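Take a look at the structure below.
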Amino acid sequence: MKSIQIGANTLSYDEAGEGEVLLLLSGWCQDHRLFKTLAPELARTHRVIRLDWRGHGEHREHDGDFTVDDQASDVAAFLDKMNIDRLVPVSTSHGGWANIEVTDRLDVARIPRTVVIDWIQTTPNEDFFRMIDHIQDRTNWENGRGDFFNYWIGDTENQDIVNHVNNEMAKYSFEMWARSGREIGKAYRKWGNPMQRMAALKDKRPITHIYSQPFEPEYAEAQLDFAAGNDWYKPNKLPGRTHFPTLEQPKVVADTIRAFVA
C-alpha cells in the first residue's frame, strides 16, 4: 500500500489498471483487504483505487475522533490531491453514508454514478439499534459485535469471509467499533434509511445497490417500490449467502459494476 497525507492523518491506498476510475471504499472496521479478489477483476477494465479510511488499513493512528462528514472530507481531499476529476465511488456496508455524502458534495460531472454494496436500505428495527448500542458499551461490546459477526457470516464455509470477519475485522479496537456504532446509529436516526438519504441528493444521478443479505422478500420489494418512483435507483439482488459479496462472488460483483457504469 502507498501512503498519502490528508490533513493530520496518513491514509493508505493502492491502485491498479487503466481507464475510468473506480474508488473502492470499505465499511467501518474493514479495509482494502475486503477487495482483494474484486479489485483484480475490476482492474482488467478500469483504474481501481482502494482507499482506507483514516484509522484503518496500514495506518491505524489518527488525529482523534472523527465522523462520517470527516470521512467524506478525506475522500474529497484525496481526489483533489490525486488530480482525479471523474470517478465512480464503490462503497460497501455503512461506508455508504460517507460515499453518498461526498457524492452530494461533488457535482454530477465529477461523480456521474455511484455504487453501494450490501448496505441496509430500509429503516432498521429496534433490535438493530440495540446491537448498535451494545458495541458502544465497553462492558458488552464484544458480545454485541459477535451478534453482527454471526449474522454476516451466515452458513458460509468460505474461508476468505471467515478470516475477514474473525481476524481482520476483529483486530479493530473498541474505540473504532464504538465510533462506528455511534455514526451508523446517528445516520439512521437522522435519515430513516439510506434510500431517504439518497432521495435528498441535490443532484440526482444513477445509483445501484448490489446486495445479497437480507433475504426476506419484503426487503427486495421495498427497494423495487422505491425504484418505481425514483428511476435513478437500481437495486441489484445477487444470489449470495453472506454480507460480503465482494469476497463471496467477486466476478459477479465486478461484472455487475461494469454493466452499471458502462
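Any residue in the range 114-131 that's closer than 28 Å to Val252 by Cα: show its pairings with residues that are open to solvent by 30 Å² or more (accessible area, probe 1.4 Å) at Cβ separation under 6 Å, as long as the two are six or more apart or on different chains.
Correct list of pairs: Thr122/Ala222.
Output the residues belonging to the range 1-59 that are among the small types (Gly, Ala, Ser) and without any contact (Cβ under 8 Å) to a residue 40 or more places away in the chain.
Once the filter is applied, which keeps residues that are among the small types (Gly, Ala, Ser) and without any contact (Cβ under 8 Å) to a residue 40 or more places away in the chain, the range 1-59 yields Ala16, Gly17, Gly19, Ala39, Ala43.
Just to be sure before I move on: is Thr242 under 15 Å from Ile120 (Cα atoms) and under 16 Å from the mean Cα position of the chain (by Cα) in the structure I sent? Talk me through it step by step, then tell me what you get.
Values: under 15 Å from Ile120 (Cα atoms): yes; under 16 Å from the mean Cα position of the chain (by Cα): yes.
So Thr242 fits the description; yes.
With Ser212, Ser173 as the choices, which residue is at pLDDT 95 or above and hydroxyl-bearing (Ser, Thr, Tyr)?
Ser173 is the lone residue from the list that is at pLDDT 95 or above and hydroxyl-bearing (Ser, Thr, Tyr).
Just a yes or no: is a residue in the range 62-72 open to solvent by 10 Å² or more (accessible area, probe 1.4 Å), among the acidic types (Asp, Glu), at pLDDT 95 or above and not in a loop (DSSP other than H, G, I, E, B)? Show your work before the answer.
Taking the range 62-72 first, the residues open to solvent by 10 Å² or more (accessible area, probe 1.4 Å) are 62-65, 67-70.
From what's left, among the acidic types (Asp, Glu): 63, 65, 69-70.
Cutting the leftovers down to at pLDDT 95 or above gives us 63, 65, 69-70.
Subsequent filtering for residues that are not in a loop (DSSP other than H, G, I, E, B) retains 69-70.
Yes, the range 62-72 has at least one match.
Any idea which residue in the range 200-237 is most open to solvent (accessible area, probe 1.4 Å), counting only those that are under 24 Å from Leu22 (Cβ atoms) and out of contact with any strand residue (DSSP E or B) (no Cβ under 7 Å at 6 or more places or on another chain)? Working first, answer last.
Residues of the range 200-237 under 24 Å from Leu22 (Cβ atoms): 201-213, 223, 227, 230-237.
Retained after the next criterion (residues that are out of contact with any strand residue (DSSP E or B) (no Cβ under 7 Å at 6 or more places or on another chain)): 201-204, 212-213, 230-231.
Details: Leu201: 5, Lys202: 141, Asp203: 73, Lys204: 89, Ser212: 0, Gln213: 5, Asn230: 36, Asp231: 119 Å².
Ranking the qualifying residues of the range 200-237, first place goes to Lys202.
Go through the range 139-180 residue by residue and tally those that are more than 22 Å from Trp53 (Cβ to Cβ) and part of a loop (DSSP other than H, G, I, E, B).
Our first condition is that a residue be more than 22 Å from Trp53 (Cβ to Cβ); within the range 139-180, this holds for 139-140, 143, 146-147, 150-151, 153-159, 162.
Add one more test, that the residue is part of a loop (DSSP other than H, G, I, E, B), and what stays is 139-140, 154-158.
So the answer is 7.
Give me the residue from the range 15-35 that is open to solvent by less than 40 Å² (accessible area, probe 1.4 Å) and in a strand (DSSP E or B) and, out of that set, farthest from Val162 (Cα to Cα).
The residue in question is Val21.
Across the range 97-119, which residue is farthest from Ala187 (Cα to Cα) among those that are in contact with a helix residue (DSSP H, G or I) (Cβ under 9 Å, 6 or more places away or on another chain), open to solvent by 40 Å² or more (accessible area, probe 1.4 Å) and part of a loop (DSSP other than H, G, I, E, B)?
Filtering first and then ranking leaves Arg110.
The values are calculated or read from the model by the stated rules, or taken from the named source; none is laboratory data. Keep in mind that what you see is a predicted model, and the values were worked out from it rather than measured. All Cβ positions, glycine included, derive from the backbone under ideal geometry; neighbour counts span all protein chains shown. Protein only, heavy atoms only, side chains kept; ligands, DNA and RNA dropped before computing areas. Shrake-Rupley method; radii C 1.70, N 1.55, O 1.52, S 1.80 Å.
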